[in-house]
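Data first, discussion second: the structure below is written as C-alpha cells.
Laboratory data are not the source of any read-out in this text; all were calculated from the coordinates shown. Everything numeric here is computed off the predicted structure, so don't read it as measured data. Glycine also receives a Cβ, built like all others from the backbone with ideal geometry; neighbour counts cover every protein chain displayed.
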Amino acid sequence: MGRKFLDKTRSEDGELKRRWAAALTPLFMERGLRNFPMDAVASELGVSKATLYKHFRSREEILDLALLLKLAEIRRYQAKLSDPTLPYLERFLEALQIASSELTSISTLFLADLNAMHPNVFQRVRHFMDEALAALGAFYEEGIRRGELIQVPAAVLVLTDELFFAKLADPDFLQARGLSVQEALDAYFMLKFGGMFRRPLLDSPQVNRLLSSWLNGKKSGEPLAGSTPVIHQDGQENGRENVQEEGNP
C-alpha cells in the first residue's frame, strides 16, 4: 500500500539520481549486490527508504543507471582507438589503458550477482561487448590495410576477442580459476599485443619504451606521454634514421 503512494509522488530529479548511482557504483562493484537491499542502499546514501523510493522504483533501476554510468566511462576508449591524430600503435595502448583502468574496479562477485539476480540489466554488459567487438574489428581492418598488423583476416582477430569476452562475461569461469577481471584483461592484451603486431615494429627499442610507458602509466593512472616517437613498418622513426634490428651492425 505504501509503495503505491510513493509511486504517485516519485521525483524525476535526474541529476540527483545520477549522483546517487555514481556514489553507489564503487560499493556495488567491490562488494556485490546481495548485501544491498533497498534499506541498505538508503543507509549508504544517508537518506530514508521512503526518500529513496521517491526517486527509484527498485534496486534494479538503481543498478541499471549505475551500470550505464560505468559503461560510459569505459566507452571513452573508443575515442582513442579511432583518433586519427595519434599513431596507430599508440591508439591501441591509449584505448587499452582507459579500458583497463576503468575495469579494475569491477569484481567477479559483482558480475556473478548481477547475472544471477538481475539478468535483464546484465544484458547491458553483453551489448557493450558486442559494441567493443565492432570497434576493434574496424581498428584491425585499418591496421591490416596499413601494414601495421600481421596479414590475417580481421575476422580472425575479432573472433579471438569474441571468445575471450564471452569468458570474461562469465563470472563462474573467472572465479573457478581465481582470476579477477583486471588480471584476465592484462594477460590477454599482452598476448594479443605480442601476437598481432609485426615483428620489426615490436622489436624496436622505441616500441619497448612505448610499451613500458603504457605499463607504468596504467599503474599510476597517468596518460601516455605525447612525445613518444612513432615507429613505422619500415623501421623508421618520424624525423630520424632507420632503427637497426637487434643483432645487426
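Under a 5 Å amide H to amide H cut-off, with H placed in plane at 1.01 Å, what residues pair with Leu149 once short-range neighbours are removed?
Ile144
For the residues Asp130, Asp170, what sequence is obtained by ranking on other C-beta atoms within 10 Å, fewest first?
Asp130, Asp170
Taking 7 Å along the Cα-to-C-beta vector as the label spot, tell me the Met38-Leu179 distance in nanometres, rounded to one decimal.
3.8 nm
Take each of the peptides 143-150, 13-20, average the number of other beta-carbon atoms within 10 Å over its residues, and list them starting from the highest.
Going by the mean number of other Cβ atoms within 10 Å, highest first, we get 143-150, 13-20.
If the limit is 28 Å between Cα atoms, which of Lys80/Lys167; Lys17/Lys192; Lys70/Lys167; Lys49/Lys167 go over it?
Those over the limit are Lys17/Lys192; Lys49/Lys167.
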